[in-house]
Each structure stands twice: as C-alpha cells, then as structure tokens.
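The values are calculated or read from the model by the stated rules, or taken from the named source; none is laboratory data. Just so it is clear, the structure is predicted and the values come from calculations on it, not from any experiment. We place every Cβ from the backbone using ideal geometry, glycine too, and count neighbours over all the protein chains shown.
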Amino acid sequence: GTPHATCTRVLTHSPFGFSHPRGPREKMQRFAAAVDYEMNRAFMLTVMVSNQAPLASGIQMSFQSTAGVTISVTDVNEAPYFPTNHKLIRLEEGVPTGTVLTMFSAVDPDRFMQQAVRYSKLSDPANWLNINATNGQITTAAVLDRESDYIKNNVYEATFLAADNGIPPASGTGTLQIYLIDINDNAPELLPKEAQICEKPNLNVINITAADADIDPNVGPFVFELPSVPSAVRKNWTITRLNGDYAQLSLRIMYLEAGVYDVPIIVTDSGNPPLYNTCVIKVKVCPCDENGDCTTIGAVAAAGLGTGAIIAILICIIILLTMVLLFVVWMKRREKERHTKQLLIDPEDDVRDNILKYDEEGGGEEDQDYDLSQLQQPETMDHVLNKTPGVRRVDERPIGAEPQYPIRPVIPHPGDIGDFINEGLRAADNDPTAPPYDSLLVFDYEGSGSTAGSVSSLNSSSSGDQDYDYLNDWGPRFKKLADMYGGGEED
C-alpha cells in the first residue's frame with residue numbers, strides 16, 4: 001500500500017523529558033537532560049503511535065496504538081567534585097607551622113561503587129600548605145606572611161586535586177583562597193638612607209620619613225627621635241616633627257666640619273604593640289655656596305678626604321705613572337738592542353787550545369809552528385780521494401754522509417748572558433769556515449832539527465866503559481834515561 005506518515009509520542013511523564021522526532025519517519029527518542037544512575041537506574045515509558053492520515057472506509061481498526069518501553073541506565077565512573085569551589089577562609093598572618101586551617105573535602109557521586117578518594121597539591125606557589133591525602137585536611141607547612149610576593153590583594157591561592165580509584169580513574173580540582181589579616185610584624189624603615197647638608201645650619205635641612213610594609217592601623221603616624229647614646233648625636237643634631245609621616249633633621253651647632261657622619265635615628269610605628277627600629281642615615285656635611293648647594297671642593301672633602309690626603313694621593317699617582325713610563329722606555333730600548341746586536345769575533349783573537357801528542361823522543365817545541373788559517377780551510381775532494389791509506393788526521397771531515405744526530409734542546413740562559421751565548425752558538429753553527437771537529441792533533445813523523453841528537457848513535461852493545469853522564473845535559477825529557485844508565489854505573 002501507499003506509505004503514510006505516523007506520529008509517535010511518549011505518554012509517561014519524566015523529569016528528564018524527551019525530545020520528539022524531528023521528521024515524519026524518525027522514530028528515535030532522545031533525553032532532553034542528563035541521566036544520573038544514582039537517581040534513576042531505569043525508566044518505564046508508554047509510547048503511542050498514530051496514523052496522521054484517516055483510515056480507509058470500512059476498516060474496523062483504531063488509527064493509533066500504544067506500547068510500554070523499559071530503559072535501563074548503566075553506571076559509569078564520575079569525577080569527584082568539591083562542593084565549595086572556590087573556598088575562601090580568613091585568618092591572621094604569622095600562624096605557626098602545623099596549624100589546621102580547614103577541611104577541604106571532595107564528594108564522589110558514585111556512591112554505589114565504594115571508591116576511595118585521595119587528595120594532593122596541584123598548585124602551592126610558596127609551599128606554605130599541606131593536605132591530608134585521605135581526608136583533605138589543610139595545615140600550614142610554613143609561616144604565612146602577608147607581605148610576601150606570593151600574596152595578591154591580601155589573598156593567597158592554592159589548588160588541590162581529588163582523584164578516585166575507579167576504572168578508569170577520574171579526578172576533580174578545587175581552589176582554596178586564604179585572606180590574610182595583617183598584624184604588626186614589620187618595623188618601619190627610615191628614608192632616605194643618604195643625605196647632604198651644609199656646614200652652617202641656617203642654609204638647609206634634611207626631610208626624613210619612614211616606610212612600613214604593614215598596612216593601617218600598623219603604620220603611621222611615626223615617631224622620630226635621636227638616641228641618647230652616643231651623646232655627640234644630640235649635641236650636634238636635632239629633629240623637628242612636621243606631621244605624622246615627616247620630620248626634619250638639622251644641625252644644632254653653628255658649624256660642623258666637612259665630612260661624612262652616620263646619624264642614628266629611632267623610628268617607631270603606631271601598631272599594637274608598636275615596633276621601633278634604629279636606622280642610620282649617612283649625612284655628608286660640605287661647604288655650600290649662596291644657593292645652599294655643595295661646592296666641588298666641598299663635595300670632595302665631604303667624601304672623608306682632607307687636603308693633605310688629596311695631595312698625597314696625587315703625588316703617589318704621579319710617581320706611579322712616572323715609574324710605569326720609565327719601565328716602558330727601558331723595555332723598548334732593551335728590545336731594540338736585542339734585535340740590533342751582532343756577534344763580532346776578530347780572527348786574530350781566535351785562540352784555540354790544542355793538546356799536542358808527540359811520538360818522538362826529542363824536540364816538540366817547534367811542532368807548534370803551524371798556520372791556524374790552514375786548519376780552517378777544508379781540503380779539496382781530489383786531495384782526499386788521492387790520499388794514500390795510513391794514519392788519518394782526526395780533525396778531517398769524514399768522507400761520505402755525516403750521521404744526523406738529534407739536536408739537544410738548549411736550556412735558556414737568563415738575561416743578557418743567555419742572549420750572548422745563543423747568538424754565539426748561532427754564529428758558530430752558520431760559519432762555513434769553521435773546522436768540523438775539535439780534536440787532538442796526531443803527528444806521525446819523528447821530527448827534525450832536534451838539538452838533542454839521534455839516540456841511534458848510542459852503542460848499546462858496548463861494555464861498561466861508556467860514559468852516560470852527558471845524558472844529564474839533555475834536559476828533563478831524558479832524565480829517566482840518565483837515571484837508568486847513570487845508576488847502572490854507580491851500582
């Protein structure tokens with residue numbers, strides 16, 4: 001048949017209400033408000049459906065019908081909540097540590113699940129509070145100070161967390177606000193800390209006041225007074241009260257020497273009980289011009305330096321600068337001499353010590369007659385190659401490659417002596433005419449021109465008629481021989 005539109009209605013009254021279908025063919029019913037398992041676990045509904053178009057003639061049926069519907073609600077875990085959020089309490093600042101402030105407990109709406117709720121801190125900027133994990137009791141962990149930087153408009157704010165052990169677990173937050181009532185726990189401070197005044201009291205005075213971290217009624221009016229000890233304070237200075245917040249400090253005597261003076265002043269507030277503080281103001285007394293302003297010389301003198309001290313300081317500065325200048329000039333001159341100094345050695349002064357080894361029995365003094373310059377001239381390669389084998393002079397440079405030895409590090413010598421030695425060493429290393437080695441001179445000849453005569457003329461095979469006394473005339477070199485032969489005759 002032809003489809004016709006129907007109308008569905010819920011006849012049972014419900015405090016949650018139901019929304020009706022939005023279209024002619026929509027049969028879904030919706031709750032108009034949230035459903036709470038703890039309030040209603042099930043709903044019994046009567047639903048009526050009717051045909052909007054009239055029935056055809058001859059049909060003996062009702063155009064509407066009703067049915068009963070049961071809706072069951074399933075329980076789910078709901079988050080705990082704080083009944084009072086934000087909670088505000090009022091108390092005086094300065095309560096001791098461990099003081100109980102309030103109970104900040106949460107409620108778990110799942111009363112049929114038998115769940116446990118535990119508490120913890122979520123935000124505590126100054127770390128002043130503790131919360132009991134099982135019952136939510138708030139206690140102080142430190143002394144609460146209204147003058148702290150964590151306080152805004154006398155209110156301290158902390159946030160706490162309440163979480164159950166459901167599956168899955170759920171949690172809720174609560175904020176505790178603590179309004180701190182001021183007490184008189186801060187002594188006043190003197191202002192200003194430093195001031196300036198003229199030597200003569202009729203030119204100017206110093207206006208003083210006080211600052212207190214507390215609030216009314218624990219602040220002004222303030223009382224300013226000079227202490228009785230030391231006595232020089234009241235002898236030289238005086239205080240004149242202007243009003244509850246200001247006073248004037250001035251000189252009592254007609255003249256006070258320029259300098260810096262520490263003037264103690266007792267400041268008392270109007271709290272209950274009142275608090276006082278002994279503050280020190282640093283006063284610079286100086287000579288002034290006609291306008292009451294400190295002169296330049298007076299400002300220096302007020303810093304605590306007399307004329308003699310200033311002159312001594314200037315002299316010391318001049319001496320120090322002079323010494324620094326002389327040291328710089330001396331260093332530059334020494335550096336210049338170091339770079340320009342050269343090592344000059346006269347060849348005639350080049351004296352070399354030589355140990356002469358003699359293999360003959362006479363002469364020797366004439367063997368020292370040699371040309372020093374010949375020792376410094378290297379032999380030509382042809383002469384070396386053509387030289388017959390035999391005894392070689394040990395001061396000759398060996399033929400072939402010379403062995404390379406590691407350069408021994410030179411220990412630096414201090415001062416000018418070290419510079420002189422190093423420059424001489426560099427000059428000797430770079431001199432191409434210097435002999436290669438310092439050595440002993442070996443002579444492989446018997447000598448010539450000796451006045452002692454030849455030993456071979458002696459007839460060693462003759463009998464004892466030989467007279468060897470002339471050996472004593474040959475000098476100390478033949479003393480051993482003279483003793484041997486002369487002694488034999490004596491025996």
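I'm trying to understand the selection: among the residues of segment 107-131, which are in a strand (DSSP E or B), surrounded by fewer than 17 Cβ atoms within 10 Å (Cβ to Cβ) and within 48 Å of the chain's Cα centre (by Cα)?
S120, K121, L122, S123
The number of residues in segment 75-119 being within 11 Å of G172 (Cα to Cα) and among the acidic types (D, E) comes to 2.
Go through segment 132-162 and report how many residues are surrounded by fewer than 18 Cβ atoms within 10 Å (Cβ to Cβ), in a loop (DSSP other than H, G, I, E, B) and among the acidic types (D, E). First the steps, then the outcome.
Of segment 132-162, the ones surrounded by fewer than 18 Cβ atoms within 10 Å (Cβ to Cβ) are 132-135, 137, 139, 141-143, 147-150, 152-155, 157, 159, 161.
Add one more test, that the residue is in a loop (DSSP other than H, G, I, E, B), and what stays is 132-135, 141-143, 147-150, 153-154.
Filter once more, so that each one left must be among the acidic types (D, E): 147, 149.
Residues that pass the stated criteria total 2.
Any residue that is in contact with a Cys (Cβ under 8 Å, 6 or more places away or on another chain) and over 30 Å from T159 (Cα atoms) - is there at least one of those in segment 180-187? Steps first, answer last, please.
Initially, segment 180-187 is screened for residues in contact with a Cys (Cβ under 8 Å, 6 or more places away or on another chain), giving none.
Taking every residue of segment 180-187 in turn, none turns out to be in contact with a Cys (Cβ under 8 Å, 6 or more places away or on another chain) and over 30 Å from T159 (Cα atoms).
How many residues are outside any loop (DSSP other than H, G, I, E, B) and surrounded by fewer than 16 Cβ atoms within 10 Å (Cβ to Cβ) when one looks only at segment 82-101? So the answer is 6.
Here F224 fits the description: of a type in the set (F, W, Y), farther than 25 Å from N132 by Cβ and either outside the structural domain of V143 (by TED's automatic domain parsing) or in a strand (DSSP E or B) (or both). Summed over segment 227-275, residues that are polar (S, T, N, Q) and not in a loop (DSSP other than H, G, I, E, B) total 7. Filter segment 179-191 down to residues that are touching a strand residue (DSSP E or B) at 6+ places or on another chain (Cβ under 7 Å) and not in a strand (DSSP E or B) and give me whichever is surrounded by the fewest Cβ atoms within 10 Å (Cβ to Cβ). Here the answer is I183.
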